[in-house]
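Readers should treat all values here as calculations from the given coordinates under stated rules, not as data from a laboratory. Note that the coordinates shown come from a computational prediction; the quantities given were computed from them, not determined experimentally. Here the Cβ is made from the backbone with ideal geometry for all residues, glycine too, and neighbour counts use every protein chain on show.
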């Protein structure tokens with residue numbers, strides 16, 4: 001018996017000695033190299049360990065130091081200064097499931113398929129001061145100095161885990177789908193494969209972002225509330241490109257917005273800027289990249305809006321968003337030292353904008369360079385037609401400083417009804433009636449008083465009637481008809497009494513040898529755009545007689561001749577005789 005007791009004692013001492021040896025050897029660099037080599041030889045991964053720590057007083061935890069894990073010939077999945085593994089009672093049965101998993105001071109990349117193939121899981125995952133990178137087809141996120149916790153957590157090839165869990169994340173810097181934030185905080189839950197964002201907060205563009213919402217298992221987003229305040233954002237993109245990028249942020253996912261508020265934001269981009277801009281958006285959906293709503297609202301205001309060479313002050317826009325239309329309940333703004341207001345409706349299906357009432361008050365507007373060519377360009381696809389039921393302007397000034405033909409209209413009053421200003425994306429006056437009056441006008445250095453004109457448009461032509469204006473001592477009157485066809489056929493009659501007989505010379509007619517006041521009569525017809533050459537082909541006659549009873553008739557082309565190119569006008573010399581003589585005709589020779 002004594003021998004057996006001694007033998008058992010010796011065996012027990014050897015076991016304890018072996019355990020002590022294993023305990024100390026396991027914490028050496030040799031053990032770390034052995035574990036790394038085993039993983040490298042028996043798996044598709046490469047593992048590098050600095051050393052392994054194990055505290056016998058806390059036997060449920062193993063600490064790995066200096067960890068780097070990657071798939072062979074790939075970028076690292078995990079780099080960590082310290083990884084703490086919480087062991088479970090059935091660790092041998094489930095070697096990749098831990099009671100806890102703590103990653104500290106490193107980087108975790110969950111983008112590659114090799115990362116999700118690990119099939120790791122843990123009752124609790126913690127990240128401490130880690131860099132985090134997640135990328136897939138419709139979502140990407142990069143974080144710096146991330147602290148996070150997930151209870152429980154599993155790493156699979158699915159976008160959403162199969163089990164419900166709770167998560168919290170904070171980061172000094174977080175970039176989500178290209179949007180950069182600082183001091184971010186996200187708290188939420190995963191239930192029935194849906195992500196519930198209970199609380200989201202971050203500093204964005206030197207402002208504050210707060211939000212709540214959820215993402216369904218199918219990838220659809222519901223934003224319960226999103227609030228951005230005091231944001232200052234500068235972009236190198238044009239406004240159209242930026243809006244297009246915003247619609248593409250969720251990838252192919254649809255978005256339902258219950259409420260979105262932007263308060264006191266300042267945004268600037270390429271040739272555009274919004275100062276103290278506020279937006280309130282309710283019940284709006286983004287479906288397949290297109291904004292839709294059945295009963296939503298949008299209210300916008302700003303202190304300044306700059307778009308290209310246009311500057312709007314204190315604009316206010318109130319919209320009601322319906323299934324197939326956008327109702328403009330109110331639009332008003334200070335513009336060009338005056339006031340603009342309008343209301344109306346835009347139809348989604350027909351791309352027709354109908355304005356019930358447009359009013360311009362006290363504008364001082366200088367037309368931009370090349371404005372006429374700009375109006376001839378096709379309008380955007382969303383604006384195929386523009387209708388104005390009622391139009392008015394008063395006490396406005398319009399100026400064109402084009403040196404070839406400058407003009408200015410002062411104290412303009414105008415009214416229009418049932419106007420069609422854009423048709424098939426082409427600007428013009430296609431239908432309706434427009435009455436225009438001004439107190440004064442200057443047309444290429446010719447001063448006029450009280451000019452007035454009535455325009456009546458049909459799909460076939462535009463009629464200019466009741467055209468009149470006073471010169472210093474006389475009256476000039478005119479009518480015209482301009483066809484809507486591509487050739488622009490023109491018929492014009494202009495007459496003047498006690499006006500300078502050479503008045504039309506300043507408006508593009510050839511040199512006139514007569515001087516002084518008198519009576520004139522101009523008849524002009526032809527096409528402004530020839531089918532073949534694209535140049536004007538006009539014929540005309542100008543008759544005039546001055547106060548000394550001298551008479552002169554000039555032709556743009558001799559009667560019966562083929563109309564001449566307006567750029568090659570010739571005239572034979574004319575000698576003006578004494579008042580008793582009368583000049584009969586001076587043709588423009590071909």
Response to the item:
For 452, 212, ascending order of other Cβ atoms within 10 Å (fewest first) is 452, 212
Worksheet item: Arranged by the count of other C-beta atoms within 10 angstrom, fewest first, what order do 388, 134 take?
Response: 134, 388
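Suppose the chain between residue 417 and residue 51 were pulled fully straight at 0.36 nm per residue; how much longer would it get relative to their current alpha carbon spacing?
Separation in residues times 0.36 nm, less the Cα-Cα distance, equals 123.2 nm.
For segment 482-522, what does the relative contact order come out to in percent, with C-alpha contacts under 8 Å and a separation of six or more? Show your work: numbers first, answer last.
Working: 48 pairs, mean separation 17.9, N = 41.
Reported as a whole number, the value is 44 percent.
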Item to complete: Counting only C-alpha contacts under 8 Å and six or more residues apart, can you give the relative contact order of segment 354-407 as a whole percent?
Response: 57 percent
Fill in: Residue order, fewest to most surrounding Cβ atoms within 10 angstrom, among 45, 555
45, 555
Fill in: C-alpha center-to-center spacing [segment 436-510, segment 179-199] in angstrom
68 Å
Fill in: Gain in span if fully extended, residue 245 to residue 283, counting 0.36 nm per residue against the direct Cα distance
11.6 nm
Worksheet entry | segment 245-329: relative contact order in percent, alpha carbon pairs under 8 Å with at least 6 residues between | 24 percent
Item to complete: Would you mind getting me the FRET efficiency between residue 530 and residue 433? Use the beta-carbon distance for r and R0 = 35 Å, nearest 0.05.
Response: 0.70
Response to the item:
Subtracting the Cα-Cα distance of residue 44 and residue 454 from 0.36 nm times their residue separation yields 139.1 nm
Item to complete: Please give the residues of segment 420-443, grouped as numeric ranges, whose backbone N is less than 15 Å from a label point set 7 Å along the Cα-to-Cβ vector of residue 390.
Response: none
